[in-house]
Amino acid sequence: MSYKVFDKEFLNSLGYQTPCYIYDTELLRDNLDIATKEFHHYFDIHSSIHYALKANDNAQVLAQIKQAGLGVDCVSGGEIEHAIACGFNPNDIVFAGVGKLDSEIILGLDVGIYAFICESLQEVMVINDLACGSNKHAKIMLRVNPDIDAKTHKHISTGTYDNKFGIAFDDLLDFIPSLDSLNNIELIGLHYHIGSQVMDMSVYAKLANVASFHYQILYKQGLKFSDIDLGGGLGVDYESPMTKPIANFGDYFSIIKQNLTIPYQLKIHFELGRSLVAQCGIMLSKVLYIKNTVGTKFAIIDAGMNDLMRPALYEAKHLIINLSTQNINETYHIVGPVCESTDIFAKNLSISELRRGDMVAILTSGAYGRVLANQYNRRAMIKEYMV
Ligand SMILES: Cc1ncc(COP(=O)(O)O)c(C=O)c1O
């Protein structure tokens, strides 16, 4: 298990035009192997991992994920169509999202997805009406907002009452009885997703406890559902990807298992995205210019915030290394060519001296990288390659 893509000679020999994303097939396979092994160690065959396709939708990446036996978590009709085109079985798809279009609901009904994850009573009623209109039957899970602080960046926190996601449990208790009159839906379970890049495992202990508590309350009220979906969010190491290229799947599944006090036969679903794909991707870029502005050295590279949005969107920090030379370190602001001051990948970074033409790698870019890329400033869409 290693980072093959960091071999400098190897990368230089590829001759890819920069900027570009490169995905390491072997490392992806290692991640999937360990994730599925740890998952099966703690959860039985009725349970499943649905890969959160939003993290990386590259068809070859998806092919490996499908081969590993995972289902998919989609958040739009486009993602459902893409997942099916990439060979996933509709029955392995869960469909989340706070604002589903009628056309997307109809698509989900037509192809026969496993379940809709619903975020309001109004949404449930719309799904019921659309299902009734086409003589179909929809399985739904209700997304609970458990008001748990995921202790992550505020822009990727989704499980507190400040966030638009989910339904407060008390509200859900109020409206559950009214679901009895909706004949074209079947409530199969509850869903939770409290945020992304969660590193503090105690957050997951809390989530499992809260979900178990909710299950028991509903059980006492006579509601017996079959599924609980605990979402995704497991974080990866952006600081030392070379020594920790695999996320902490063992601790994650183990802590959830230990803290779930629900009947054994319930199907537990996970929706991991970042932890499966982040480390297998790097972004390659070349240094265009070095310039000095009153003591501040800027290294201007050919990748911009349009190619990797995470630093501009979430103040994310990625490790950046100079692949071309091993010189004495210098300090730079690493910036892109886009006409925005937020087009900055690192501030005051100490890195082996950079020169025009040097190749740099921006690590841990396999998740929420290419999927968020755009053509702002009418720049070319960044390419991706598998190695
Ligand atoms: C509903 C849902 N499930 C799963 C995920 C995947 O999260 P992550 O990539 O952090 O595992 C997300 C992403 O935010 C999400 O919104």
Pull up the range 127-184, narrow it to residues that are within 16 Å of the ligand (Cβ to nearest atom) and in contact with a Pro (Cβ under 8 Å, 6 or more places away or on another chain), then point me to the one that is modelled with the lowest pLDDT.
-> GLY159
Report, by residue number, each residue of the range 206-228 that is closer than 26 Å to ALA316 by Cα and under 20 Å from the mean Cα position of the chain (by Cα).
-> LEU207
Has the range 187-209 got any residue that is in contact with a Lys or Arg (Cβ under 7 Å, 6 or more places away or on another chain), assigned by TED's automatic domain parsing to the domain that holds LYS317, more than 16 Å from the ligand (Cβ to nearest atom) and among the β-branched types (Val, Ile, Thr)?
-> no
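Among ASP162, ASP200, ASP174, ASP149, which is the only one that is without any contact (Cβ under 8 Å) to a residue 24 or more places away in the chain and over 21 Å from LYS224 (Cβ atoms)?
On inspection, the qualifying residue turns out to be ASP162.
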Taking the range 299-316 only, how many residues are more than 20 Å from GLY357 (Cβ to Cβ) and among the hydrophobic types (A, V, I, L, M, F, W, C)?
-> 6
Out of GLY69, GLY99, report the one residue that is more than 30 Å from ASP33 (Cβ to Cβ) and assigned to a loop (DSSP other than H, G, I, E, B).
-> GLY99
Quick one: PHE10 ticks every box in (1) in a helix (DSSP H, G or I); (2) among the hydrophobic types (A, V, I, L, M, F, W, C); (3) buried (at least 18 other Cβ atoms within 10 Å of the Cβ) bar one, so which box is it?
-> (3)
So how many residues does the range 297-351 have that are among the aliphatic types (A, V, I, L, M) and in a loop (DSSP other than H, G, I, E, B)?
-> 9
Residue check: is ASN145 over 25 Å from the mean Cα position of the chain (by Cα), buried (at least 18 other Cβ atoms within 10 Å of the Cβ) and not β-branched (Val, Ile, Thr)?
-> no
Kindly establish whether LYS139 is among the basic types (Lys, Arg) and in a loop (DSSP other than H, G, I, E, B).
-> no
Is it true that some residue in the range 229-241 is surrounded by fewer than 16 Cβ atoms within 10 Å (Cβ to Cβ), touching a helix residue (DSSP H, G or I) at 6+ places or on another chain (Cβ under 7 Å) and either in the same structural domain as ILE45 (by TED's automatic domain parsing) or of a type in the set (Asp, Glu) (or both)?
-> no
Sole miss for ALA83 among (1) surrounded by fewer than 17 Cβ atoms within 10 Å (Cβ to Cβ); (2) under 21 Å from the mean Cα position of the chain (by Cα); (3) part of a helix (DSSP H, G or I) is condition (1)
All-but-one check, LEU349 against (1) on the phi > 0 side of the Ramachandran plot; (2) surrounded by fewer than 21 Cβ atoms within 10 Å (Cβ to Cβ), failing number (1)
Give just the number: which of (1) within 13 Å of the ligand (Cβ to nearest atom); (2) farther than 17 Å from ARG370 by Cα; (3) crowded, with 18+ Cβ neighbours inside 10 Å does GLY99 not satisfy?
-> (3)
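Yes/no matrix, rows are residues, columns are (1) farther than 30 Å from GLN265 by Cβ; (2) out of contact with any helix residue (DSSP H, G or I) (no Cβ under 6 Å at 6 or more places or on another chain); (3) not assigned by TED's automatic domain parsing to the domain that holds PRO263:
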| position | (1), (2), (3) |
| --- | --- |
| LEU14 | yes, yes, yes |
| PRO19 | yes, yes, yes |
| PHE39 | no, no, no |
| ASN58 | yes, yes, no |
| ILE65 | no, yes, no |
| PRO90 | no, no, no |
| LEU101 | yes, yes, no |
| ILE105 | no, no, no |
| VAL111 | no, no, no |
Identify the residue in the range 246-301 that is within 14 Å of the ligand (Cβ to nearest atom) and of a type in the set (Phe, Trp, Tyr) and, among all such residues, is surrounded by the most Cβ atoms within 10 Å (Cβ to Cβ).
-> PHE270
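The values are calculated or read from the model by the stated rules, or taken from the named source; none is laboratory data. This one's a predicted model, so the numbers in the text were calculated from it and none came from an experiment. Please note: Cβ atoms are built from the backbone with ideal geometry, for glycine as well, and neighbour counts cover all protein chains shown.
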